[in-house]
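Scroll down for the structure; my scribbles are underneath it.
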Amino acid sequence: MLSMLVMMMMPSCNQELEDRMVAVKIYGHEGSMEKLFSEWTELGINTVFSGEDLISNEQFIDGAKENGITTFMIFPVFFNAEELARSPHLYAITSQGKIAIDEWVEFVCPSRVEYRKKMVEKAEWMVRKYHPDGISIDFIRHFVYWEKVYSDRDPATLPRTCFDSVCLNHFQWETGIKLPESLDGIPQQADWILENHSEIWTSWRCALITSMVKEIAEAVKEINPQILINVHLVPWAEKDFQGAIRSVAAQDIPALSEYTDYLSPMTYAHMVREEPPWIHSIVKDVYRQWEGKVIPSIQVDKAYLESELSTEEFEQSLIEALKPPSNGVVFWSWERVASDSKKKEIIRKYCDQ
Ligand SMILES: [Zn+2]
């Protein structure tokens, strides 16, 4: 009886494992590609996320395909340092009337029609040229340096954008809300909107992000109807920081999911001073809002903070990341795995199926 039960359960278990994504983010590689792919295969890695540097390398993309590795092209949208250096008038503007910049984090205003068009065309061009299996849409949100936002952060201190004249004009035009003429300057205008029309403002800002995903997804699907779409999410549960995933980052999970095959919260627990079980809690929260494929990205080594990310903590993080309803895991980044044989062993232990 028991063996029959086990046999009946086997196919679905295998199915789940076959369907499970085990991915690495990689930003560059020197040395043999063949060796790289054989190592990935040996560790159970079946998917890669990489930027233009590697995706444009024929040896890389062809080799990945030959080895059965699914390729996603990381495509940053509103983070664009080069473009902002050339065209500073594109900067998003905060509620204090300042440009949206915090250390390396700087954002383009998401209302600029020409910029949006240019990004859609860039995605089309890259998909036509490099033939990735998927596109992984990154920095698809409003400005916030979430990597340094810890659980004790007062939500009122999180940045709110974008209050430049383009956004303010579009907002008024599209919602019919009229800013009183008596308001003097951006800080007063921002306060008035946030005090009087906060929910309409949030929905309008989320729609700017969702529509950008829709435009990119539809454009690349015209070229390859099978192309996979992933979106990188800020790792906040729906109610964290008083709903900041919508009111600050402007990522509306149910709306975004209409255009995606995967959602990938960047659950870098160590970085934001959380324990490994937090990873699973974020996956569950995303899944609650969208019963689709959620693939948490986890960090392999320390970042921003000085404290070490031990092998034990990495193992616990991986265990938490793989718990259902997760559909797999993304390691950030391969460069960090490559230099750490103990962490490689952990990956092999849980992912080589
Ligand atoms: Zn704007």
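Here are a few things to note about the model shown:
- Apolar share of the accessible surface for the chain: 51 percent from carbon plus sulfur atoms, 1.4 Å probe.
- Between 0 and 90 degrees, the angle of helix 186-196 with respect to the longest Cα principal axis of the chain falls at about 80 degrees.
- Sites Asp154 and Glu199 - FRET efficiency at Förster radius 25 Å, r taken between beta-carbons, to 0.05: 0.75
- Peptides 286-295, 43-52 ordered by packing proxy, namely the average of other Cβ atoms within 10 Å per residue, highest first: 43-52, 286-295.
- A 1.4 Å probe run over the protein chains yields, for the range 67-155, 43 Å² of accessible area per residue, whole-number rounding.
- CD proxy at 222 nm, helix term only [per DSSP H run n ≥ 4: -39500 (n - 2.57); per residue of the chain; nearest 500]: -14000 deg cm²/dmol
- For the peptides 304-310, 219-225, 179-185, the ranking by mean Cβ contacts within 10 Å, running from highest to lowest, is 219-225, 304-310, 179-185.
- Cα-projected label distance for Gln242 with Glu34, points at 7 Å along beta-carbon direction, nm: 6.0 nm
- Extending 7 Å from the Cα toward the beta-carbon at both Lys349 and Tyr304 defines two label points whose distance is 2.8 nm.
- The gain in end-to-end length when the Phe139 to Thr311 segment is fully stretched comes to 59.0 nm, 0.36 nm per residue minus the alpha carbon separation.
- Annotation for the range 87-135: GluC sites (Glu not before Pro) lying in DSSP loop with at most 14 further Cβ atoms inside 10 Å of their Cβ are Glu103.
- In nm, spacing of pseudo-spin labels at Glu275 and Glu291 (7 Å Cα→C-beta vector): 3.0 nm
The values are calculated or read from the model by the stated rules, or taken from the named source; none is laboratory data. Just so you know, these numbers come straight off a predicted model, no measurement behind them. Cβ coordinates were reconstructed from backbone atoms using ideal geometry, including for glycine residues, and neighbour counts include every protein chain displayed. Just the protein is used for accessible areas: all its heavy atoms, side chains included, with ligands, DNA and RNA removed. Shrake-Rupley method; radii C 1.70, N 1.55, O 1.52, S 1.80 Å.
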